């Protein structure tokens, strides 16, 4: 998986390319842990993301919780497979997906 | 059935996925079904790697079979680890607010929702889990 970060002031955008699964979820988790400190708004760009498994969902949930007291987190450019994962697990009810 | 036997460790998820992807591509599988099968591999193989062999590493075999007539693909995971039926796990209560429920158990739930069938049996000392998906 490739992780690309773009910072605009207190807004951070993270673009993911590849697969967010058991082996790659810890990379994203590590990246978020060291980046979120002063970030007020987090955008995750999934246009290059092929799929997500439950290991990835866990990381998204903790990022969502971390951003709740700030400007929030949104996910953009979600493909069909990822959208279906969000829907069947109920994640689509809580995450902001555009 | 085409099979691959590897050590049941998380580091082998990519090679198992690549093996199945190669077979699915040769079968002209839709990209969506392939991605869903890849997610199922991640969930199921990681379960085997984490829980099947508490006393040290063991082997796991992943096989693939295709029923041409129905375009039904079966992927079979087997191991000689402790008997464990992942389908017997209680489904997460998805009506509860997400923040209030444990995220564990989501993986197998996801597999059940995205595959056409999931079956478990314990036979000759092996856990055998089969997923079926029309491709």
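The values are calculated or read from the model by the stated rules, or taken from the named source; none is laboratory data. On a predicted model such as this, the values are computed, not experimentally measured, just so you know. Glycine gets a Cβ as well: all are built from the backbone with ideal geometry, and neighbour counts include every protein chain shown.
Looking at A:45, A:93, just one residue is outside any strand (DSSP E or B) and either without any contact (Cβ under 8 Å) to a residue 24 or more places away in the chain or under 11 Å from the mean Cα position of the chain (by Cα) (or both), and that residue is A:93. No other residue among B:62, B:111, B:76 is touching a helix residue (DSSP H, G or I) at 6+ places or on another chain (Cβ under 7 Å) and more than 14 Å from chain A (Cβ to nearest Cβ) apart from B:62. The set of residues from region A:39-91 being over 30 Å from residue B:30 (Cα atoms), more than 9 Å from chain B (Cβ to nearest Cβ) and in contact with a strand residue (DSSP E or B) (Cβ under 9 Å, 6 or more places away or on another chain) comprises A:39, A:40, A:41, A:42, A:63, A:66, A:67, A:70, A:71, A:72, A:73. Does region A:21-37 include one or more residues that are modelled with pLDDT of 95 or more, touching a strand residue (DSSP E or B) at 6+ places or on another chain (Cβ under 8 Å) and assigned to a strand (DSSP E or B)? Among the residues of region A:21-37, not one is modelled with pLDDT of 95 or more, touching a strand residue (DSSP E or B) at 6+ places or on another chain (Cβ under 8 Å) and assigned to a strand (DSSP E or B), which makes the answer no. Look at (1) away from chain A (no Cβ under 14 Å); (2) touching a strand residue (DSSP E or B) at 6+ places or on another chain (Cβ under 7 Å); (3) surrounded by fewer than 21 Cβ atoms within 10 Å (Cβ to Cβ) and you find that residue B:12 fails only one, number (1).
When region A:1-18 is filtered for residues that are assigned to a loop (DSSP other than H, G, I, E, B) and over 16 Å from residue A:60 (Cα atoms), the ones remaining, listed by number, are A:9, A:10. For region B:83-112, a residue qualifies if it is surrounded by fewer than 16 Cβ atoms within 10 Å (Cβ to Cβ), at pLDDT below 80 and either touching a strand residue (DSSP E or B) at 6+ places or on another chain (Cβ under 6 Å) or closer than 26 Å to residue B:128 by Cα (or both), and the qualifying residues are B:89, B:90, B:91, B:104.
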